[in-house]
Amino acid sequence: MQNDPPVTVDVVQSVRPGKEPQFDALLEQIIGTASTFEGYLGASIFRPSPQNPSEYRIIFKFDRLEHLKRWENSTARQNYLNQAKELTANQGTFSIITGLETWFTLPGKPGLKPPARYKMVLVTGAAIFAINQVLALIPAAWLVPLPALIRLLVLILITTTLMTYVVMPRLTKLLAWWLYPNH
């Protein structure tokens, strides 16, 4: 399916004090069951931090939205959600992320609704432009012997790595006032 992209689900959940061990055990069961569903690509658990001592962040990845929906609508997941109600302080937040949104996550505020798409396009475009301008200034004699496609691949990998780990986390924090005006 062309219009069925890979998806990431970002779940932020507050656990009642003293219920963390039970919640951890339930998470292991949830992930174990989710992993049996078609299209499951993995999950990550970010346990509470000193800044948010009861807040868990759980990331699920599926190869396409259709497969995620099968998991979300399953009886098994509904049973787990009912069990989680006894261990959690609220319903939590669930966000489905399908594209550029993953570059626009503020530290300590993972459940925020993504910025407007035009803002993501502007910031991403400006960042890629700036990175490519800097890369053009760096002597790259070591790239010259490589075939043109390999040179392009190397530059794309450098740009993507810088975007993911260096530029976008900093730009998102720097421009939070504009990207997330209501927060």
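Can you give me the number of residues within region 142-152 that are among the hydrophobic types (A, V, I, L, M, F, W, C) and open to solvent by 80 Å² or more (accessible area, probe 1.4 Å)? Talk me through it step by step, then tell me what you get.
Of region 142-152, the ones among the hydrophobic types (A, V, I, L, M, F, W, C) are 142-144, 146, 148-150, 152.
Now drop any that are not open to solvent by 80 Å² or more (accessible area, probe 1.4 Å), which leaves 142, 144, 149, 152.
Of the residues in region 142-152, 4 are among the hydrophobic types (A, V, I, L, M, F, W, C) and open to solvent by 80 Å² or more (accessible area, probe 1.4 Å).
Between a residue in region 166-177 that is of a type in the set (D, E, K, R) and part of a helix (DSSP H, G or I) and any residue that is modelled with pLDDT of 90 or more and open to solvent by 100 Å² or more (accessible area, probe 1.4 Å), which pairs come within a Cβ distance under 8 Å, given they are 6 or more apart or on different chains?
Here the result reads none, with nothing in region 166-177 linked to a residue that is modelled with pLDDT of 90 or more and open to solvent by 100 Å² or more (accessible area, probe 1.4 Å).
Taking region 46-98, which residues are exposed (fewer than 15 other Cβ atoms within 10 Å of the Cβ) and part of a strand (DSSP E or B)?
Phe46, Phe94
Against the condition out of contact with any helix residue (DSSP H, G or I) (no Cβ under 8 Å at 6 or more places or on another chain) and within 22 Å of Ala84 (Cα to Cα), how does Arg64 come out, does it pass? Lay out the reasoning, then the answer.
On the way: out of contact with any helix residue (DSSP H, G or I) (no Cβ under 8 Å at 6 or more places or on another chain): yes; within 22 Å of Ala84 (Cα to Cα): no.
Answer is no for this residue.
Which ones in region 153-178 are open to solvent by less than 70 Å² (accessible area, probe 1.4 Å) and farther than 20 Å from Pro114 by Cβ?
Result: Val154, Leu155, Ile158, Thr159, Leu162, Val166.
For region 82-91, check the following and say yes or no: at least one residue is of a type in the set (A, V, I, L, M, F, W, C) and within 22 Å of Pro114 (Cβ to Cβ).
Step one: list which residues in region 82-91 are of a type in the set (A, V, I, L, M, F, W, C), which gives 84, 87, 89.
Narrowing the set further to residues that are within 22 Å of Pro114 (Cβ to Cβ) leaves none.
No; the residues of region 82-91 include none that is of a type in the set (A, V, I, L, M, F, W, C) and within 22 Å of Pro114 (Cβ to Cβ).
Out of (1) assigned to a helix (DSSP H, G or I); (2) surrounded by 10 or more Cβ atoms within 10 Å (Cβ to Cβ), what's the single condition that is false for Pro115?
All conditions pass for Pro115, except number (1).
With the requirement that a residue be over 20 Å from the mean Cα position of the chain (by Cα) and either open to solvent by 50 Å² or more (accessible area, probe 1.4 Å) or on the phi > 0 side of the Ramachandran plot (or both), what does region 1-19 give you?
Residues of region 1-19 over 20 Å from the mean Cα position of the chain (by Cα): 1-2, 15-19.
Matches in region 1-19: Met1, Gln2, Arg16, Pro17, Gly18, Lys19.
Identify the residue in region 20-44 that is in a strand (DSSP E or B) and either among the small types (Gly, Ala, Ser) or closer than 16 Å to Thr93 by Cβ (or both) and, among all such residues, is least open to solvent (accessible area, probe 1.4 Å).
Residues of region 20-44 that are in a strand (DSSP E or B), as a first pass: 40-44.
Among the residues that remain, those that are also either among the small types (Gly, Ala, Ser) or closer than 16 Å to Thr93 by Cβ (or both) are: 42-44.
Details: Gly42: 17, Ala43: 39, Ser44: 51 Å².
If we take residues in region 20-44 being in a strand (DSSP E or B) and either among the small types (Gly, Ala, Ser) or closer than 16 Å to Thr93 by Cβ (or both), then Gly42 is least open to solvent (accessible area, probe 1.4 Å).
The values are calculated or read from the model by the stated rules, or taken from the named source; none is laboratory data. Here the structure is a predicted model, which means the values were calculated and not measured. So basically every Cβ, Gly included, is an ideal-geometry build from the backbone, and we count neighbours across all protein chains shown. With ligands, DNA and RNA removed, areas are computed over all heavy atoms of the protein, side chains included. Shrake-Rupley method; radii C 1.70, N 1.55, O 1.52, S 1.80 Å.
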